[in-house]
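A short worksheet on the structure shown next.
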């Protein structure tokens, strides 16, 4: 029997880890039995295939924070981590980092020690390269369990010391030596891990989105439509998008410019206030807030979209860019993380990692003055980020492990 044990944060609960909604369908076609262990559960639960069992027991164990606190304080692992990383501890924040890592490690270790029947002869697939694979590596070596261990690696679980990432990942070198395979979602992530840890265990397994069969509509002469999709948080630099579009509208007062943003976050209210002060009669701004992906797809199918913009300061490979390109929409993006692997001269404009307003405006001008072909953009997406292709290849690689 081909068994897969999938370790997630929340999937299939909540709306996070959205890529798994598609990926699980491909995994279920090739594994006889899949067991999902989320660490947090909620009311909203997405559908999974019939041969996928969602087991909530670990979440009850993991979310018992009082019990976890005392287990961690009295664990030898935590105090060993303090000794092992005494030279890296610069502040109480670093002690907390080690405590949090140890707490998760201990929680995974204690719970899954009693799950031998589920784990043996399986592939354990952790969706994040965090504390979980370390715990499973120790279970396999210390208690003679029989299973393979793989992890995906995205962004926060790869890079260290960058915006919105932790200062260092404890025991990363050890994990990369003992794990069977790490699947980075980008070449940039693979290169980072190989360069820093000299690991030979890193492969690339790109994510993807389903082809919904649409091609976007271009604006008529005299109009220009811009779309962005992201959380409205500082690292996403939505404020820079807004300021750049204001300047673009001022320079092109003969154009009717429309900007539509999908997503909310901690600084949305600030941007909403700034929008009320717009002095450009030719600029129309629509802040749509948080919506279902289906609404974004519907917009791409039925509304005019001339360019998609992402100005994040840190990324893995943004799903929002994949989605836009699947509709043949040209993209402007910053050269951070794996964005340079998805945006090129054939499908858009790749800006420097920290662009000025002038850089962004020039990027929009380049889109207007270039003849980006929607079919070429969609073909490029199909080769690199079509979910059916990428998840089929990923599933086949997992099956070769056993």
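The single condition among (1) surrounded by fewer than 20 Cβ atoms within 10 Å (Cβ to Cβ); (2) at pLDDT below 95; (3) under 25 Å from residue 296 (Cβ atoms) that residue 221 does not satisfy is (3).
This table checks each residue for (1) modelled with pLDDT of 90 or more; (2) surrounded by fewer than 18 Cβ atoms within 10 Å (Cβ to Cβ); (3) touching a strand residue (DSSP E or B) at 6+ places or on another chain (Cβ under 7 Å); (4) part of a helix (DSSP H, G or I).
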residue	(1), (2), (3), (4)
298	yes, yes, no, yes
322	yes, no, yes, yes
353	yes, yes, yes, no
377	yes, no, no, yes
382	yes, yes, no, yes
389	yes, yes, no, yes
402	no, yes, yes, no
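Select from the range 85-99 the residues that are surrounded by 12 or more Cβ atoms within 10 Å (Cβ to Cβ) and closer than 18 Å to residue 130 by Cα and list them in ascending order. Result: 85, 94, 95, 97, 98, 99. For first residues located in the range 240-259 and free of Cβ contacts under 8 Å to residues at least 12 places away in the same chain, partners that are part of a helix (DSSP H, G or I) and lie 6+ apart or on another chain with Cβ distances below 8 Å do not occur. Taking the range 283-296 as the range and being assigned to a loop (DSSP other than H, G, I, E, B), touching a strand residue (DSSP E or B) at 6+ places or on another chain (Cβ under 8 Å) and surrounded by fewer than 14 Cβ atoms within 10 Å (Cβ to Cβ) as the test, only 290 passes. Taking the range 182-201 as the range and being in contact with a helix residue (DSSP H, G or I) (Cβ under 7 Å, 6 or more places away or on another chain), assigned to a helix (DSSP H, G or I) and at pLDDT below 95 as the test, the residues that pass are 187, 188.
Just checking, does the range 268-282 include any residue being crowded, with 23+ Cβ neighbours inside 10 Å, outside any loop (DSSP other than H, G, I, E, B) and touching a helix residue (DSSP H, G or I) at 6+ places or on another chain (Cβ under 9 Å)? Among the residues of the range 268-282, not one is crowded, with 23+ Cβ neighbours inside 10 Å, outside any loop (DSSP other than H, G, I, E, B) and touching a helix residue (DSSP H, G or I) at 6+ places or on another chain (Cβ under 9 Å), which makes the answer no.
The values are calculated or read from the model by the stated rules, or taken from the named source; none is laboratory data. Keep in mind that this is a model prediction, so the values were computed, not measured. No Cβ is skipped: glycine too gets one built from the backbone with ideal geometry, and neighbour counts run over all protein chains shown.
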